[in-house]
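Comments concern the structure below.
Nothing in this text is a laboratory measurement; each read-out follows from the coordinates by a stated rule. Note that the structure is a prediction, hence the values are computed from the model and not measured. Backbone-built Cβ (ideal geometry, glycine too); neighbour counts: all protein chains shown.
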Amino acid sequence: MKLDKLEVIITTPPAPGWGGRYWIFVKLTTDTGVVGYGECYASTVGPAAMEAVIGDVFGRHMAGENPENIEMMFRRVYSSGFTQRPDLTVMGAWSGLEIACWDILGKDRGRPVHALIGGMVNDRLRAYSYLYPTRAHHKLPDFWVNAEASAEAAKDYVARGYTAVKFDPAGPYTIRSGHMPSMRDISRSADFCAKIRGAVGDRADLLFGTHGQFSTGGAIRMGAAIEPYSPLWYEEPVPPDQMDSMAEVAAAVKIPVATGERLTTRAEFAAALRGGASILQPALGRSGGIWETRKIAALAEVQNAQVAPHLYAGPVEWAANIQLGAAIPNLLMVETIETKFHAALIKNSLVVDNGYVPVPTAPGLGIEFDEDLARAHPYTGTGLHLEMQAAPVSYQEENVFEGGAPVRD
């Protein structure tokens, strides 16, 4: 069995657009007719350029290869052009292609992917969700800075069985280096924690996100303000390449530090562990794929750290996250995005049941991908999957972070 054909499908989700402006799916077909799907987490270049990168990675390092030879293909890609270092764009392309290889292998053998990477450890995975509007009076963009509305949404998620909810009221992420939060941002963040904790009590963990925007001192100040509400994690308190700064924050704040959505390969995740992270958040469509992230989980296990796969993408990456989560003993939880479009793209083959994701046992990734639906929603915009604010934060006006939802073109 050899890898024979590649197709790239770029899909845009309908409004409100949870999961980014577009999702990049790859379809691999072998010379024996087995089809596998993967998802490349959006990178630093636009969709057309990313499609060219995906095609180059496949044609140069994978075409004609046995899809079993994951490690050999990874070494080719990782070493391409005399590099042997993490490259976010190339690894994003490889990750989706690698996921598709596992889908092929599982389907060819009639087994789920988790059975091929160590077997099932967890038959259902604890799920968490970002807080999105849940009631008619939750209006955007005001919802993102309204602690009362977020507390209501948290209460609604807990009523559906969720035992952890994520929110990030600390202001927008910007292209600037790490900054000191304004006192208004600190007060609003503490207010969010207080009101959400008051709404859910001890029925759910609070997951506090910041998108890597603070200076070291600013992260420590923010951490001190939210500590009384016992968040389960403090996500990306400093920029993702500032591991020494993260170590200072981890030592000063009594909240576990989480990071990983912008990291790739075990090289960067090992540095994060050395920098004090105790919860790793790989996005499998970027982190190196299923096999590389299995190695990342093993590194974390040695350090008594846990893994919570990140998701701000489409449902194929979600499926890969779930297959990995089923097979690792140090899984903490998996991120979910429940929209009708996510569900429809995989024909409801993955679900959240009372706050947990049952692990599918169907072959491959365990999903039924609706290729026709994906192709029926092509991306026609010009923006990137996510974009950072160019203007600096304000120390006079309200800073509003729009919850990761892209501004519609």
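Specify whether the C-alpha gyration tensor of the range 1-115 places it in the rounded, prolate or oblate class, a ≥ b ≥ c being the square roots of the eigenvalues: rounded for a/c under 1.5, otherwise prolate if a/b is larger than b/c and oblate if not.
Here the range 1-115 falls in the oblate category.
Test of understanding: ordering Val45, Val8 by Cβ neighbours within 10 Å, fewest first, what list do you get?
Ascending number of Cβ neighbours within 10 Å: Val45, Val8.
Rounded, prolate or oblate for the range 157-302? Axes are the square roots of the Cα gyration tensor eigenvalues, ordered a ≥ b ≥ c, and the cut-off for rounded is a/c under 1.5.
Details: a/c = 1.92, a/b = 1.27, b/c = 1.51.
Oblate.
So what is the orientation-averaged projected area of the range 223-289, using the convex hull of its C-alpha atoms, in nm²?
4.1
Can you divide the C-alpha Rg of the range 306-409 by 2.2 N^0.38 Å and report the result to two decimal places?
The value comes to 1.33.
What is the calculated FRET efficiency for Arg375 to Ala298, with r their C-beta to C-beta distance and R₀ = 41 Å, to the nearest 0.05?
Calculated value: 0.65.
How many angstrom separate the Cα center of the range 251-311 from the Cα center of the range 1-69?
Result: 24 Å between the Cα centres.
Among Leu97, Leu280, Leu299, Leu365, what is the fewest-to-most ranking by other Cβ atoms within 10 Å? Provide the component values of the computation, followed by the final result.
On the way: Leu97 25, Leu280 28, Leu299 16, Leu365 33.
Placing the least packed residue first, the sequence is Leu299, Leu97, Leu280, Leu365.
Between Thr83 and Thr361, with labels modelled 7 Å along Cα→Cβ, what's the label distance in nm to one decimal, could you check?
That separation, rounded to one decimal, is 4.1 nm.
What ranking of Ile99, Ile70, Ile24 emerges when the number of other C-beta atoms within 10 Å of each C-beta is taken as an exposure proxy, fewest first?
Starting with the residue having the fewest Cβ neighbours, the order is Ile70, Ile24, Ile99.
So if the hydrodynamic radius of the chain is defined as the Kirkwood radius over C-alpha pairs, what does Stokes-Einstein give as its diffusion coefficient at 37 °C and 0.692 mPa s, in µm² per second? Present the calculation step by step, with values, prior to reporting the outcome.
Details: Rh = 21.3 Å.
Rounded, D is 154 µm²/s.
What angle, in degrees between 0 and 90 and rounded to the nearest 10, separates the Cα long axis of helix 289-302 from the longest principal axis of the Cα atoms of the chain?
50
Could you tell me the calculated FRET efficiency between Glu387 and His137, based on Cβ-Cβ distance and R0 = 35 angstrom, to the nearest 0.05?
Working from the Cβ atoms, E equals 0.75.
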